[in-house]
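Here is the structure we will look at.
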Amino acid sequence: MKIFLVIYVCSIVGNTCMPPIKIDTPYKDSFDCHVDGYKKSVDILEEMGRDEINKYEIYTKFTCEKLLET
C-alpha cells in the first residue's frame, strides 16, 4: 500500500479552493504523510505571506490517501 499527500489551499472570502496539490512521492505510512502534510502546509502559507493570508482568509487542509496496489 502506498500513501500520497494531497493539499488543498482554500479561501474563506472567495469560498473556493485552488486545484489540489498532489505530492507524487509515496509515504511509507500514515504518520510520515500527516507530519509532512503539516510541514508543507506551513511552507505554503509562509510563501503566500501574511498579507494574502489575512486578505483572503486562506487556510490549508490535506488528506493522506491510500492507494491499494493490486
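Annotation: F4 carries an accessible surface of approximately 50 Å², with a 1.4 Å probe and no ligand, DNA or RNA atoms counted. Rounded to whole numbers, the Karplus 3J(HN,Hα) couplings from phi for the stretch 9-25 are 10, 10, 10, 5, 4, x, 6, 9, 10, 6, x, x, 9, 9, 8, 6, 7 Hz, using 6.51 cos²θ - 1.76 cosθ + 1.60 with θ = phi - 60°, and x at Gly and Pro. Counting only alpha carbon atoms, the long axis of helix 30-48 and the longest principal axis of the chain meet at about 20°. Accessible surface for T16 stands near 80 Å², nearest 10, in the context of the full protein assembly shown (1.4 Å probe). Of the listed values (i) 116; (ii) 80; (iii) 95, identify the label whose number matches volume of the Cα convex hull per residue in Å³ calculated from this model. So the calculated entry is the one marked (ii).
As a calculated quantity, the FRET efficiency between R50 and I23 at R0 = 35 Å, using C-beta atoms, amounts to about 0.90.
The figure for E65 is an accessible area of roughly 90 square angstrom, using a 1.4 Å probe on the protein chains alone. Straight-line reach from K66: taking Cα to Cα under 20 Å and skipping same-chain neighbours fewer than 8 places apart, the lysines in range are K2, K22, K28, K39, K40. Neighbours of K40, meaning other residues whose beta-carbon lies under 14 angstrom from its beta-carbon, give a summed charge of -3 when Lys and Arg score +1 and Asp and Glu score -1.
The values are calculated or read from the model by the stated rules, or taken from the named source; none is laboratory data. Everything numeric here is computed off the predicted structure, so don't read it as measured data. All Cβ positions, glycine included, derive from the backbone under ideal geometry; neighbour counts span all protein chains shown. Side chains included, ligands, DNA and RNA excluded: accessible areas come from the protein's heavy atoms. Shrake-Rupley method; radii C 1.70, N 1.55, O 1.52, S 1.80 Å.
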